[in-house]
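Okay, structure first, notes after.
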Amino acid sequence: MSTFNYTTKKSLSIFYVLTLICYFGLGVHAMIAQTSNFTEYTGEVLDADSKKALVFATLTIDNTNVTTITNSEGQFSLKVPNEYKENSLTIAFLGYKTKQINIAELQLEKNKIFMEEFVMALSEAQVDAPNNAEALVKETLDKKGSNYLNENAVMTAFYRETIKKRRTNVSLSEAVVNVYKASYTSNKSDALELYKARKSTDYNKLDTVALKLQGGPFNTLFVDMVKYPKYIFTAETLNYYDFSFDTSTRVNDQLIYVVDFKQKPEIIDPLYQGKLFIDAENKILTSAIYSLNITDKHLASQMFVRKKPKNAEVWPTEVSYRVDYREKNGKWYYGYSNVLLEFKVNWDKKLFNSVYSMSCEMAVTDWEQNLSNSIPRTKDRMKSSIILSDEAIGFADPDFWGEYNIIEPEKSIESAIKKIQRQLRRGKLNNGAAAR
C-alpha cells in the first residue's frame, strides 16, 4: 500500500488551486522598456536532413536577454531593436548543434534556418553516468544556488492560453506580464503583474459548455520545478519515484544526461512520469518533459474540475507539462513552459462524448536585474485565482502588441485571430453607418 497521504497529494498537484474551472450553461509598474524602433524577422527552424519543423527551438540575440521560441509548427517571429541589428543570433535545440548567424544576413520573411542533428559516437552515447540516477537528481536540485540566477530579476513574458473543441479554436487569450523573479536561493515566491491582455471567445462553438482556466500565467510559472520543487520533487516525494538513465544527448554542445522517472508501482495516488535533461558537467537541469498519471479518472477529475452540470461526467484524458531553462553568463533561469489539459465530457442520454483541450504557454522574452528589489503593491499583483479571459478586453490596441516579442501563433490560432479582426472591422463599419 502507498504511504502517500492526502496532505502530500495536495502539495504535489501543481494546479490543485490553479486549475480548470468548468462553467456550463493596469497600471504599468517596472515594465522593461523596449524601443519601438525595431525590425521584425519571421521564418522557421527545420531539421537539415528531414526538413521537419523543430518545435520549441530557442532563438537568442547574442549579448542580450532578448529571446523568442518557435511554435508547434517550427515558426518564429523575432523583433530585433535596431541597436542590436549588428549582433549575431544563436539558435539552440536539444540534440542539435547550436547555430549562429548574423542578424544582418536575415531576410524579413520566410527565413529557413536548418539545424544539424548532433550524432554521438556509440561510446559517447553510452558514457559512464553516475551509478545512481536518483542521487543525480538530488544533487542537481541541491545545486540550484550556484547554477541558477542568485539575484532578483524583472522579466518580460508573453503568455497565451487557448481552448479548443476538438480541433476548433473557441477561446484565445494573450497577455504581456511582468514577472518579478525572486532569486533561486530565496524561499520567496515570484510576483506577477498583468501589463496588457487581449482575448476572444466564441462560445457558440462550445454548445452548452463554457470552459475557463483558473490561474492564468501561474499555471505555467509553477512548472519551474527548480524554483518550486515542492510541487513535484521534495525530500519525501523523491522516494515515490523510480529513476533510470536513458541515452545521453547534447544541447549547446554540452553533454546531457537523460533521466527517466515514473512513480513506483506500489504508489497508487496519481504522480508524474517523464524525462529530466541534466547537464553532465555542472549538474544543471536544462529541460523537463513530463505528464500526470490519470489512470484513476475519478480522482483526476476531482483534482481539476471545479464545477460541472449534474447530467455530465467530466474527466481529464491528458495532463502534460514542459519547462525549458536558458543560460546567460554561466547562470540559468526559467525561459519557457507549457501545459496541456485535455478533457472529455460525457453527457447523460447522449451517444457521443465531447472532447475539449486547454493549453497555456509562457515565454520570457527579456529581463533585467531588479536592482531595487522592488515588487508591485499587493493590489497591483495578479492573484493566483485569476481567470485571464475575464480580465482581458478583446483584440484591440494592435500598436502595443507590435513592440513585444510574442510566440508566433499556429496557423489555426492565426486564422482565429484574423477572423476576430474581420468581425471587429465589420462591427466598426456597421456602427459608423448607423451613426450616419
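The values are calculated or read from the model by the stated rules, or taken from the named source; none is laboratory data. Bear in mind the structure is a predicted one, so any value in this text is a computation, not a measurement. Ideal geometry is used to build each Cβ from the backbone, glycine not excepted, and the neighbour counts take in all protein chains shown. Calculation scope for accessible area: heavy atoms of the full protein, side chains included, ligands and nucleic acids excluded. Shrake-Rupley method; radii C 1.70, N 1.55, O 1.52, S 1.80 Å.
Let's see how each residue does on (1) hydrophobic (A, V, I, L, M, F, W, C); (2) modelled with pLDDT under 95; (3) not in a helix (DSSP H, G or I):
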position: Leu238; (1), (2), (3): yes, yes, no
position: Leu255; (1), (2), (3): yes, yes, yes
position: Phe261; (1), (2), (3): yes, no, yes
position: Ile267; (1), (2), (3): yes, yes, yes
position: Ala288; (1), (2), (3): yes, no, yes
position: Ser301; (1), (2), (3): no, yes, no
position: Glu313; (1), (2), (3): no, yes, yes
position: Glu318; (1), (2), (3): no, yes, yes
position: Val323; (1), (2), (3): yes, no, yes
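Of all residues in the range 318-331, those satisfying the criterion of being open to solvent by 30 Å² or more (accessible area, probe 1.4 Å) and not acidic (Asp, Glu) are Arg322, Lys328, Asn329, Gly330, Lys331. Gly330 fulfils the conditions (1) over 24 Å from Asp190 (Cα atoms); (2) small (Gly, Ala, Ser); (3) modelled with pLDDT under 95 except for a single criterion, (1).
Scanning the range 69-95 for residues that are open to solvent by 20 Å² or more (accessible area, probe 1.4 Å), in contact with a strand residue (DSSP E or B) (Cβ under 7 Å, 6 or more places away or on another chain) and outside any strand (DSSP E or B), which turns out modelled with the lowest pLDDT? So the residue we want is Leu94.
Among the residues of the range 98-118, the ones that are more than 28 Å from the chain's Cα centre (by Cα) and either basic (Lys, Arg) or modelled with pLDDT under 90 (or both) come to 0 in all.
Are there helices (runs of 4 or more DSSP H) fully within the range 367-436 with at least 3 residues that are closer than 24 Å to Asn71 by Cβ and at pLDDT below 70? List them.
Working: elements: 388-391, 398-401, 411-435.
Of the helices (runs of 4 or more DSSP H) lying wholly inside the range 367-436, those with at least 3 residues that are closer than 24 Å to Asn71 by Cβ and at pLDDT below 70 span 398-401, 411-435.
Annotation: of all residues in the range 144-185 being over 21 Å from Arg326 (Cα atoms) and outside any strand (DSSP E or B), the one that is least open to solvent (accessible area, probe 1.4 Å) is Arg166. Quick check on the range 297-317. Is at least one of its residues of a type in the set (Asp, Glu), surrounded by fewer than 14 Cβ atoms within 10 Å (Cβ to Cβ) and out of contact with any Phe, Trp or Tyr (no Cβ under 7 Å at 6 or more places or on another chain)? Scanning the range 297-317, I find no residue that is of a type in the set (Asp, Glu), surrounded by fewer than 14 Cβ atoms within 10 Å (Cβ to Cβ) and out of contact with any Phe, Trp or Tyr (no Cβ under 7 Å at 6 or more places or on another chain), so the answer is no.
Scanning the range 213-236 for residues that are surrounded by fewer than 22 Cβ atoms within 10 Å (Cβ to Cβ), in a helix (DSSP H, G or I) and in contact with a strand residue (DSSP E or B) (Cβ under 8 Å, 6 or more places away or on another chain) yields a total of 0.
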